[in-house]
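First comes the structure, then the notes that go with it.
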Amino acid sequence: MKATLIIKNIDNLITLKGENKARVKEELKDIGLIKNGIIALNKDKILYVGEGELPSDITLDESTIILDGTGKTVTPGLVDSHTHLVHGGSRENELAMKLKGIPYLDILAAGGGIHSTVKATKNASFEELYNQAKKSLNTMLSFGVTTVEAKSGYGIDDFETEIKQLEVAKHLNEDHPVDIISTFMGAHAIPNAYKDNSDEFVDIIINDMIPKVAQKKLAKFCDVFCEEGVFTIEQSKKILLAAREYGMGLKLHADEIKPLGGAELAAEIGCISADHLIAASDNGIKEMAKNGVIANLLPGTSFNLQTGNFAKARKMIEEGVPVSLSTDYNPGSCPTENIQLIMSFGALIMKLTPEEIITSVTINGAASLGLEEKIGSLESGKQGDLVIFDSPNLEYILYHFGINHVDKVVKKGEIVYTKEK
Ligand SMILES: O=C(O)CC1=NCN=C1
Ligand SMILES: [Zn+2]
């Protein structure tokens, strides 16, 4: 079989070779590291991964691109499995409020926060949303991200704007090298018009919005902001069970700020992931482990909200919960596309090991999107998504924080990003 792209003499080739599933406990220790590695791709698929030279049955010709991996670290393409990518405007005005110690939920209750982004998203044209999201997607790609999850949720009761967000994500997925997986999140905040009767809005989401989103095939998942002053446990359950009826996978913004029991709910109804979990109870963590619910942790949000509280990542890992890490990129609680900084927070703040961290942004992130058979590890037959880091090893990427260590990004066998010298 002919190779179209070869990377050889790779100091550290990190394959994440293993079962196509979210890794837990002891599985997290083995990241499939190959010293002096070589990887060959044929078009969009991985052909061969190994040490030293290629086997004789893999041929090459003058069109084969050969890259030297000396001094480099190669990993699977990174997966940012929790973002609010498509949105209008920005919320730098909240910085002063945050620095004065005004809590996130108070800003939201006062009509700011998500509500201000809802206004900006409604007023933005399709093109403006598309261009703003494309700029962020280019930034995510430059940091090594090859697959992104993108939520709606800035239309809420303005369903046309929810659809506009999902259509932007659909078109970007078609036009841009990065793969985008969409999530419907109409249940992101209680609209002003329903503040005294949120159940009526819940019914609209269930009886009107979810069927239409499903019929248009615009979202693989449904997500709910289950939080004090937003959607209750009962409302969240009702919405997600309805979404499942329409074939959507289930995700939950759980125990982000108050310990409502979102982790327990995610385990009870079989969410593929519960996200944030800063205030998750020990019982909730145990229930998630029992039911294989992926804990999608977002340390950038904790850092940005300045609460001083972070999800109990070490405890989750010790209890056997599969863990992924994501940016939570959004204009309010976490305005950054820098997944490498999130990885460093995973180490420096959450005390995760380098092996746990790279697993959390590759195969475990892929699993939180139901893509573990296709991406998340470098093995023959899987999609040719990989990152070449200009770094002598994995630890250096985490230790030397706040910069971009990417040299090149390969998406479906094509070099789609090269760092400017
Ligand atoms: O504030 C935002 O725009 C995003 C967010 N949703 C739930 N937590 C944060
Ligand atoms: Zn979020």
Give, as a single signed number, the net charge of other residues whose beta carbon lies under 14 Å from the beta carbon of His188, with Lys and Arg counted +1 and Asp and Glu -1. -4
Residue-wise, which Karplus ³J(HN,Hα) couplings in Hz belong to segment 409-421, taking 6.51 cos²θ - 1.76 cosθ + 1.60, θ = phi - 60°, and x for glycine or proline? 10, 10, 10, 6, x, 9, 6, 10, 8, 10, 5, 5, 5
Shape metrics for segment 160-244, restricted to C-alpha atoms - Rg then Dmax, Å: 13.5, 44
Shape call for segment 78-368 from the C-alpha gyration tensor, a ≥ b ≥ c root eigenvalues: rounded (a/c under 1.5), prolate (a/b greater than b/c) or oblate? rounded
Identify, among Ile204, Thr161, Asn304, the residue whose Cα sits farthest towards the positive end of the charge dipole of segment 78-368, taking +1 on the Cβ of Lys and Arg and -1 on the Cβ of Asp and Glu, with the dipole about the Cα centre. Asn304
For the Asn138, Asn173 Cβ pair and Förster radius 22 Å, calculated FRET efficiency rounded to 0.05 is 0.95
The set of residues whose placed amide H lies less than 5 Å from the amide H of Leu5, leaving out same-chain residues fewer than 5 positions away, is Leu41, Lys43, Ile65
Segment 145-195 and segment 380-421 have their Cα centres apart by a whole-number Å value of 28
Relative contact order computed over segment 78-368 (Cα-Cα under 8 Å; 6+ residues apart), in percent: 18
GluC sites (Glu not before Pro) restricted to segment 50-101 and DSSP loop, no more than 14 other C-beta within 10 Å: Glu53, Glu62, Glu92
Please list, by residue number, every one of the trypsin sites (Lys or Arg not before Pro) in segment 209-281 that is coil in DSSP and has at most 15 other beta-carbon atoms within 10 Å. Lys216, Lys217
Comparing Leu277, Leu260, Leu250 in a Gaussian network model of the chain (Cα, 10 Å), the one with the largest mean-square fluctuation is Leu260
Starting at the first residue of segment 380-397, write each ³J(HN,Hα) from the Karplus equation 6.51 cos²θ - 1.76 cosθ + 1.60 with θ = phi - 60°, in whole Hz, x for Gly and Pro. 3, x, 7, 5, x, 10, 8, 10, 9, 8, 7, 8, x, 6, 5, 4, 4, 4
Within the chain, which DSSP H helices have Cα atoms that stretch 30 Å or more along the helix axis and a mean Kyte-Doolittle hydropathy of at least 1.6? none
Counting Lys and Arg as +1 and Asp and Glu as -1 over every other residue whose Cβ sits under 15 Å from the Cβ of Leu341, the net charge comes to -3
Is the shape of segment 349-401 best called rounded, prolate or oblate, per the rule: a/c under 1.5 gives rounded, else a/b larger than b/c gives prolate, else oblate, with a ≥ b ≥ c the square roots of the Cα gyration tensor eigenvalues? oblate
Past the 12 angstrom mark, what percentage of all C-alpha to C-alpha distances in segment 294-341 do you count? 61
If you filter segment 1-106 for trypsin sites (Lys or Arg not before Pro), then keep DSSP loop positions with at most 10 other Cβ within 10 Å, what is left? Lys100
Inter-probe distance in nm under a simple model that places probes 7 Å from Cα toward Cβ, at Lys45 and Glu228: 5.3
Sum of -39500 (n - 2.57) over DSSP H runs of 4+, divided by residues of the chain (222 nm, nearest 500): -9500 deg cm²/dmol
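Bear in mind these aren't lab numbers, they're just calculated from the coordinates by the rules spelled out. Keep in mind the model is a prediction, meaning the values are calculated, not measured. Don't worry about glycine lacking a Cβ; one is built from the backbone with ideal geometry, like all the others, and counts go over all protein chains shown.
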